[in-house]
1. Kindly establish whether residue 3 is in a helix (DSSP H, G or I), modelled with pLDDT under 50 and of a type in the set (D, E, K, R).
2. Can you name the residue in region 68-89 that is of a type in the set (S, T, N, Q) and within 13 Å of residue 123 (Cα to Cα) and, of all such residues, is farthest from the chain's Cα centre (by Cα)?
3. Among (1) buried (at least 20 other Cβ atoms within 10 Å of the Cβ); (2) assigned to a helix (DSSP H, G or I); (3) hydroxyl-bearing (Ser, Thr, Tyr), where does residue 144 come up short?
4. I'm checking my understanding of the structure. Among residues of region 161-181 that are assigned to a loop (DSSP other than H, G, I, E, B) and modelled with pLDDT under 95, which one is surrounded by the most Cβ atoms within 10 Å (Cβ to Cβ)?
5. Select, from 119, 115, 92, the only residue that is over 18 Å from residue 64 (Cβ atoms), surrounded by fewer than 19 Cβ atoms within 10 Å (Cβ to Cβ), within 17 Å of the chain's Cα centre (by Cα) and hydrophobic (A, V, I, L, M, F, W, C).
6. Name the residues in region 120-173 that are touching a Phe, Trp or Tyr at 6+ places or on another chain (Cβ under 8 Å), of a type in the set (Lys, Arg), in contact (Cβ under 8 Å) with a residue 60 or more places away in the chain and under 20 Å from residue 78 (Cβ atoms), would you?
Amino acid sequence: MKKLLSFAFAVAFLAACTTPVKKGAKDKSGKGGAGTGETTEAAPLPPGAEVIEASLRGSGFDADPEIKPVRFEYDSAQLSGETLDVLKANAAVLKSRRGSEFLVAGHCDDRGTVAYNLALGQKRAKEVRDYYIRLGVDGRKIATISYGKEQGVCSEPSEECWSKNRRAITGVRTKAGASAE
């Protein structure tokens, strides 16, 4: 009985760890993409569609001087008009990088608890990601993470310093086997 339960648990665990493949997914040649070892280029999803985030596995998300960070007001994840303008310019760059994946990292100032700031940083990253998707960036290529107050760029106890830490940064990496464009 114990062996049967262990086997059932192992099967359930492995099933939960697999990535679902859409029925009828095809690669560029028109053949089924699943299991062929070939990557497929997916069509953009309509606005408002549920989009699964890109994987954070691996590393190599780097800053890019063409992709600007955005700032937030205290205790807020709301995108301001100035922020929207920066994100529009960023989205144009992201859309031109067909062989890349992106990571939006949310940051906070050092006021508040660790848990609160991690949640707020995630809200900030999600707002930026969602706006990129509304602008036509493929959401399956964008992951989010929150660093809360753990990676501040300034440590002075002043509003000027805190405002520098309340930000979202979009990093980029080239997908394995793809060339950056």
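The values are calculated or read from the model by the stated rules, or taken from the named source; none is laboratory data. All of these numbers come straight from a predicted model, not from anything done at the bench. Cβ placement follows ideal geometry from the backbone for every residue including glycine, while neighbour counts extend to all protein chains displayed.
1. Criteria met by residue 3.
2. Only one residue tops the list, namely 76.
3. The number of the failed condition is (2).
4. 175
5. Being over 18 Å from residue 64 (Cβ atoms), surrounded by fewer than 19 Cβ atoms within 10 Å (Cβ to Cβ), within 17 Å of the chain's Cα centre (by Cα) and hydrophobic (A, V, I, L, M, F, W, C) holds for just one of 119, 115, 92, which is 119.
6. Selection gives 166, 167.
Every residue, every condition in (1) part of a helix (DSSP H, G or I); (2) of a type in the set (Gly, Ala, Ser); (3) modelled with pLDDT under 95, yes or no:
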| residue | (1), (2), (3) |
| --- | --- |
| 60 | no, yes, yes |
| 66 | no, no, no |
| 76 | no, yes, no |
| 92 | yes, yes, no |
| 106 | no, yes, no |
| 116 | yes, no, no |
| 125 | yes, yes, no |
